[in-house]
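Here's the structure we're looking at; comments come further down.
Taken together, the values in this text are just the output of simple stated rules run on the coordinates, not laboratory data. Because the structure is predicted, anything quoted here is derived from the model rather than measured. When we count neighbours, we look across all protein chains shown, and the Cβ atoms used for this are built from the backbone with ideal geometry, even at glycine.
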Amino acid sequence: MTRENGDMQEPVVTMPHELYIPQPEKKRYLKSVSSKRDALTGLLNHASFQIELQQSFTLARSKKTPVACLLVDIDYFHAINNRFGYAFGDAILLQVGQILNNKLRRNASIGRFGGEEFAIVWFPGSQKNAIDTAEELRRKIAETKFSDERNSTFITVSIGLAVSDDKTRSANELLSSSQLVLRTAKREGRNRVCYWERDMPARKADPEVSIISELQQKFSNLEREIKAYGAAEVRTLLDDLQIPDAYDNDHAENVAFIAASIADEFGLPEAEIDIIISAALLHDIGKAGIDYKILAKDGPLTPEEFEEIKKHPMLGAEFLNQARFFEKELPLILHHHEKYDGNGYPDGLKGEEIPIGARIIGLAETIDGLLSGSTYREALSIKETIAEIRRCSGTQFDPQLVQLAVQLLENGRIG
C-alpha cells in the first residue's frame, strides 16, 4: 500500500518485546516478507497480506475512513480436486485470482490466504459499496465457466465481509469478523455473501467455552482426516484386487461431486454434506463381494444376476461396519438404491423414510450413469438425462431433488 503522496508506507509488524532485532536487519526482514508472492497466483501470500491489512487499517483510522476485509472461499474445492485432479484445481485458483485482481486491483490488496481461500482489503467508501462489490464478485465467479485444455466446470464461492467502524479496535478484529461471517455463509448453504454488523449476537467470551469449541473443532477435523485416510485405503485395496466395477474411481468421484452439488442446493449444513461426499465415494464397495463374472458381464443382466447385484448395498454396509468411523455413512450406503415410491432395495423404504443423503446419492449415481453410459448403453446428452430423471420423479427419485438437479444440469454446474 502507498500513502496518498506516493511514498511507501513502512509495514507495521508487531515484534515480540523480548526479541531485539537491529533496525537494518528489521527493515530487510520486513522488505523480504512484504515482497513475497503466492507462487501459483502471483497474489500476496498469507504473511504479506497480513502486513497489508495492518497498514490499511492504520491508514483508515488516521483518515477516519472505513476499510473492508473480504474473504472468498471456493465451495467444495476438495470435491473439484477429486473429480478433475489437482492440475485443474490449480487452474481454477489461478482464474479466480485473476477475476479478483481484474475487479479490484486499482485500489485493493489481494492475497491467497491459504488453500482455496482468498483475502482482499480495500477502502470501499461505505459498507453498502463493499456489499455491492462482494455480491458482484460472487455473481461473476458463479457465472464464469472455468476451463483448461481438458476440463470445464462452474463453481461458487462463499464470501465473508467486514467493514471497519469507529469501534473497530484492530486489524485482527476486522479479520476475525470476516472469518466469523464466512463460516456463517458456509453454514447457511454457501454461494452467498454474509457481512458483519455491529449488532450481531455477540459470542460468549467465556474462555472455557472457547476451549471446548476449539477442541470440538479439532476433533471434527481429525474425524474427517481419519475418514479420508480410511476411504483412500479402501479404494487402494479394491484397485489392487482389480474387481470389475467394484470401485470405479471416476464414477465414485463423479457421484460425490454431483451429490455435493445437489446437497448444497438443497441447503444441507456443511457437516452433513461432508458425510454425503464420504458415503458417495464408497457407495459401491459392496460389489467387492459380488461374483466376478456378473460384474464383468458385457451386456444386460438376467433377473437372477440382478438379484445378486442387489446384495451389494448390504455387503458394503457390513464391510464398513468394521470401521467404526463410518457409522454416519452406513445408512446412506445401505439405502442408496431405495426408491421414492417404496419399490427399491434392500428394505423397500418410501419417501422421507429414506435418508436424505441416500436419496441424493441415488439420484447422483443415476445422473452420472446416464451421462457416462456403459458397455451396453450409450451415454445420454444433458437434455436426454433431464428428460429421464424427470420421467422417474416421484417414483424412483424425490421430486424436490430432481428439480434441483435439473437446475444444476441446465446451468452447467454438473454434467
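Computing FRET efficiency as 1/(1 + (r/R0)^6) for residue 341 and residue 407, where r is the C-beta to C-beta distance and R0 is 22 Å, gives about 0.45. The distance between label points at residue 129 and residue 392 comes to 5.3 nm (points 7 Å beyond Cα on the Cα→Cβ vector).
Run the paramagnetic zone check for residue 400: 7 angstrom along Cα to Cβ, then residues of segment 350-367 with backbone nitrogen under 15 Å. Of the residues in segment 350-367, 351-361 have backbone N under 15 Å from the label point off residue 400. Label-to-label distance for residue 47 and residue 352 is 5.4 nm, based on points extended 7 Å past Cα in the beta-carbon direction.
Label separation (residue 272 vs residue 139): 3.0 nm, computed from points 7 Å beyond Cα along the C-beta direction.
On the basis of the beta-carbon distance and an R0 of 60 Å, residue 296 and residue 64 show a calculated FRET efficiency of 0.20.
A Cβ-based charge dipole, computed about the Cα centre of segment 72-203 with Lys and Arg at +1 and Asp and Glu at -1, lands at about 40 debye. At an R0 of 25 angstrom, the distance between the Cβ atoms of residue 154 and residue 378 translates into a FRET efficiency of 0.45. When the pairs 103/186; 64/167; 310/339; 36/63; 63/167 are compared against a 18 Å limit on Cα-Cα distance, 103/186; 36/63 fall above it. Remark: C-alpha extents of segment 52-121 on the principal axes read 48, 19, 14 Å, sorted largest to smallest.
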